[in-house]
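Step one of this worksheet: look at the structure below.
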Amino acid sequence: MAEGLLEATTANWDNEVMKAQGLVMIDFWAAWCGPCRMISPTVEELSKEYIGKVTNYFTKKKVVEIKLENGDLETGDTVIITGPSTGMIEHKVGEIRGEDFLVTEKALKGTSCSFLTNDYLRRSDKVFKWVDTER
């Protein structure tokens, strides 16, 4: 099994899944299942990294503002936004605007940025980015 993945059982389900901090991806798998075997390498390559938190959401404009605390964000990145009321939302980032409100391809760690989203988000929702562990 790949690093960072674990096998959830009835013995560890509560601690590893139900009480986990942040996002948990569950892949139900069986040795006899062809599609399971096909997707397994992709699942093992995926990982997420915390990049920041939502600092504001402008409902009428449908714009989210994020403080990048732990990583960069680029146009085309897929982010996962989680929170107690928000649940989990996956979003592909389109146009990014930097702190100067100008369009940019990349927002850097330590700065704030914003982008459009139709999903209602809340302050302090956590933002993660899918990363390829094979890079």
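The values are calculated or read from the model by the stated rules, or taken from the named source; none is laboratory data. Values in this document were obtained by computation on a predicted structure and should not be read as measured data. Cβ atoms come from the backbone with ideal geometry, glycine included; neighbour counts cover every protein chain shown.
Overview of values
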item: Index of the failed condition, VAL79 passing every other in (1) part of a helix (DSSP H, G or I); (2) surrounded by 13 or more Cβ atoms within 10 Å (Cβ to Cβ); result: (1)
item: Qualifying residues in segment 62-111 (those that are within 17 Å of VAL131 (Cβ to Cβ) and charged (D, E, K, R)) - the one modelled with the lowest pLDDT; result: GLU90
item: Which listed residue, of LYS61, LYS53, is at negative phi, surrounded by fewer than 11 Cβ atoms within 10 Å (Cβ to Cβ) and in contact with a strand residue (DSSP E or B) (Cβ under 9 Å, 6 or more places away or on another chain); result: LYS61
item: Qualifying positions in segment 90-115 - surrounded by 17 or more Cβ atoms within 10 Å (Cβ to Cβ), β-branched (Val, Ile, Thr) and not in a loop (DSSP other than H, G, I, E, B); result: ILE96, THR104
item: Index of the failed condition, LYS48 passing every other in (1) assigned to a loop (DSSP other than H, G, I, E, B); (2) within 26 Å of GLN21 (Cα to Cα); result: (1)
item: Considering residues of segment 116-129 that are touching a Lys or Arg at 6+ places or on another chain (Cβ under 7 Å) and exposed (fewer than 14 other Cβ atoms within 10 Å of the Cβ) only, the residue farthest from LYS48 (Cα to Cα); result: ASN118
item: Every pair of residues 6+ apart whose Cβ atoms lie under 6 Å, when the first sits in segment 106-135 and is acidic (Asp, Glu) while the second is at pLDDT 95 or above and surrounded by 19 or more Cβ atoms within 10 Å (Cβ to Cβ); result: ASP125/VAL54
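To keep it simple, each residue is scored yes or no on (1) of a type outside the set (Ser, Thr, Tyr); (2) under 19 Å from ILE80 (Cβ atoms); (3) at pLDDT 85 or above; (4) part of a helix (DSSP H, G or I).
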position	(1), (2), (3), (4)
THR9	no, no, no, no
GLY22	yes, yes, no, no
TRP29	yes, no, no, no
SER40	no, no, no, yes
VAL54	yes, yes, yes, no
TYR57	no, yes, yes, no
LYS60	yes, no, yes, no
